[in-house]
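Structure record follows, encoded as structure tokens.
The values are calculated or read from the model by the stated rules, or taken from the named source; none is laboratory data. Computed from a predicted structure; not experimentally measured. Don't worry about glycine lacking a Cβ; one is built from the backbone with ideal geometry, like all the others, and counts go over all protein chains shown.
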Amino acid sequence: METVADLLSDDVVFHVPGTGANAGDHRGREEVFAFIEQAARLTGGTLRFRLHDVLVGDKYAAAVATYRATRPNRAPLENNLVQLMRVEDGRVVERNNHDNAANKPARTGHRRSLLTYQ
């Protein structure tokens, strides 16, 4: 976690869409690490990321990935995502998560994937 901490500004903000347990804005390194630890706990430590590609510019970086996890008494979780990060002085100051879970219609429970990777 020390390596990750070095990449984050002191006042970093992670924006997580949705209404789930991890949704919302996580401000500062402490809250960001609590968010990551909670995701690990909720998935019994099964949460895994597969990085597909990274794009880097002067002010922004994006990571294209798939995350997978199993959860007790629930269907396995698999989502494709793009993490868009705003960077200042070589550190992430803001991160937005865009994934196909955000496209889940509330009434049907079915997911419509806008992002598909191989």
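Overview of values
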quantity: Residue in the stretch 34-41 that is without any contact (Cβ under 8 Å) to a residue 12 or more places away in the chain and among the basic types (K, R) present; calculated: yes
quantity: Strands (runs of 3 or more DSSP E) wholly inside the stretch 1-63 that include at least 2 residues being touching a helix residue (DSSP H, G or I) at 6+ places or on another chain (Cβ under 9 Å) and not polar (S, T, N, Q); calculated: 8-16, 24-27
quantity: The stretch 76-100, residues that are of a type in the set (D, E, K, R) and out of contact with any strand residue (DSSP E or B) (no Cβ under 6 Å at 6 or more places or on another chain); calculated: E88, D89
quantity: Output for the stretch 57-85, where each listed residue is among the aliphatic types (A, V, I, L, M) and under 18 Å from P17 (Cβ atoms); calculated: A62, A63, V64, A65, A69, L77, L81, V82, L84, M85
quantity: The stretch 68-89, residues that are under 20 Å from G28 (Cα atoms) and either touching a residue at least 40 places away in the same chain (Cβ under 8 Å) or among the β-branched types (V, I, T) (or both); calculated: V87, E88, D89
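Here is a yes/no grid of residues against (1) surrounded by 15 or more Cβ atoms within 10 Å (Cβ to Cβ); (2) in contact with a Gly (Cβ under 6 Å, 6 or more places away or on another chain); (3) at pLDDT 90 or above; (4) of a type in the set (V, I, T):
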site: G28; (1), (2), (3), (4): yes, no, yes, no
site: G45; (1), (2), (3), (4): no, no, yes, no
site: F49; (1), (2), (3), (4): no, no, yes, no
site: L55; (1), (2), (3), (4): no, no, yes, no
site: A61; (1), (2), (3), (4): yes, no, yes, no
site: N73; (1), (2), (3), (4): no, no, no, no
site: N80; (1), (2), (3), (4): yes, no, yes, no
site: V93; (1), (2), (3), (4): yes, no, yes, yes
site: P105; (1), (2), (3), (4): no, no, no, no
